[in-house]
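These notes concern the structure reproduced below.
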Amino acid sequence: MTEETYEVFAIKYATRDAMRSGHFIGGDPHDGPMPMDYFVWLVRNANRTFVVDTGFSEAMARQRKRTFLRTPTAGLALLGVEAAAVKDVIITHMHYDHVGTFFDFPAAQFHLQDLEMNFATGRYMRHGRFNHGYEVDEVVGMVRLVFKDRVRFHAGSADLASGISVHHIGGHTMGLQCVRVATQRGWLVLASDCSHYYEHMEKGRVFPTTFHVGDTIEGYDRLRALAESPKHIIPGHDPLVMDRYPASRPGMEDWIVRLDADPKV
Ligand SMILES: [Zn+2]
């Protein structure tokens, strides 16, 4: 690998109780608890720092009845990153749990797919089926950032720097993108909601909030093609991520884990 490599961290900032039947189109014959965790991710090396998604605020957690643990910026601070100084934020898609604290990054440019802005401001947002994951004020906020030249639009795949690229997948939302990062253990893929849980991509199942089922299922193959191995794909909401990877430092178990380290299982 001649590319620069990066450290990659998953920062858990919220959680909620949920049932298996709520996570799969068609429900689940073996219903039972399946909690959902909420993450932002940090990708960095000596030269560059990228934050992937910005999570939601405590106020939004109350509004949507999620269990808030700490602000995403506080999680970043634990890794020595000052949100106000971050220059690059990758937004995988504009759902409230991925874009909600963009205002905490006043120096950042936001990397977004053309199709995600089209989707979030276009005809499908008439329908509750597609708009319930978005907050109109956040979408408007991102539009305002376009007018300040702070949104970097991408169409399909794009290299952001040596060893880091974004790739349009779609499916869950029209413009959903994943992030591919060169690490010491090979190519890692932050799938975000291209696969909410390991089980979605491993079993070819689909999360109920979905714009295009076909693109979601085809997307699982794209993730596998982009990653060094299936163990290099990190799902967007799976509590197993916290179990499988080592803590960033002692005491951070169940808060921040290091994804460029080998998984424990
Ligand atoms: Zn999500």
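The values are calculated or read from the model by the stated rules, or taken from the named source; none is laboratory data. Computed from a prediction, not measured in an experiment: that's the story for all the values here. Cβ placement follows ideal geometry from the backbone for every residue including glycine, while neighbour counts extend to all protein chains displayed. Accessible surface is based on the protein model in full, side chains and every heavy atom, while ligands, DNA and RNA are left aside. Shrake-Rupley method; radii C 1.70, N 1.55, O 1.52, S 1.80 Å.
Side notes on the structure shown:
- Test set (1) farther than 26 Å from ALA18 by Cβ; (2) open to solvent by 10 Å² or more (accessible area, probe 1.4 Å); (3) touching a Leu at 6+ places or on another chain (Cβ under 8 Å) - ASP260 fails condition number: (2)
- Listed by first and then second residue, the pairs with beta-carbon distance under 7 Å, at least 6 apart or on different chains, first residue in segment 215-227 and within 13 Å of GLY170 (Cα to Cα), second open to solvent by 90 Å² or more (accessible area, probe 1.4 Å), form an empty list.
- Condition met for LEU188 (of a type in the set (A, V, I, L, M), in contact (Cβ under 8 Å) with a residue 12 or more places away in the chain and within 14 Å of the ligand (Cβ to nearest atom)): no
- Filtered by the rule that a residue be over 19 Å from GLY156 (Cβ atoms), under 17 Å from the mean Cα position of the chain (by Cα) and not hydrophobic (A, V, I, L, M, F, W, C), segment 84-103 gives HIS95, TYR96, ASP97, HIS98, GLY100, THR101.
Table: residues versus (1) without any contact (Cβ under 8 Å) to a residue 40 or more places away in the chain; (2) over 19 Å from HIS196 (Cβ atoms).
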site: ARG66; (1), (2): no, no
site: LEU76; (1), (2): no, yes
site: VAL89; (1), (2): yes, yes
site: GLY128; (1), (2): yes, yes
site: LEU160; (1), (2): no, yes
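- Of the helices (runs of 4 or more DSSP H) contained entirely in segment 85-163, those carrying at least 1 residues that are of a type outside the set (A, V, I, L, M, F, W, C) and crowded, with 21+ Cβ neighbours inside 10 Å fall at 96-99, 114-121, 136-147.
- Of the residues making up segment 215-241, those that are of a type outside the set (D, E, K, R), away from the ligand (no atom under 16 Å from the Cβ) and surrounded by 15 or more Cβ atoms within 10 Å (Cβ to Cβ) are ILE217, TYR220, LEU226, ALA227, HIS232.
- Test for VAL43: is it closer than 22 Å to ASP254 by Cα and outside any helix (DSSP H, G or I): yes
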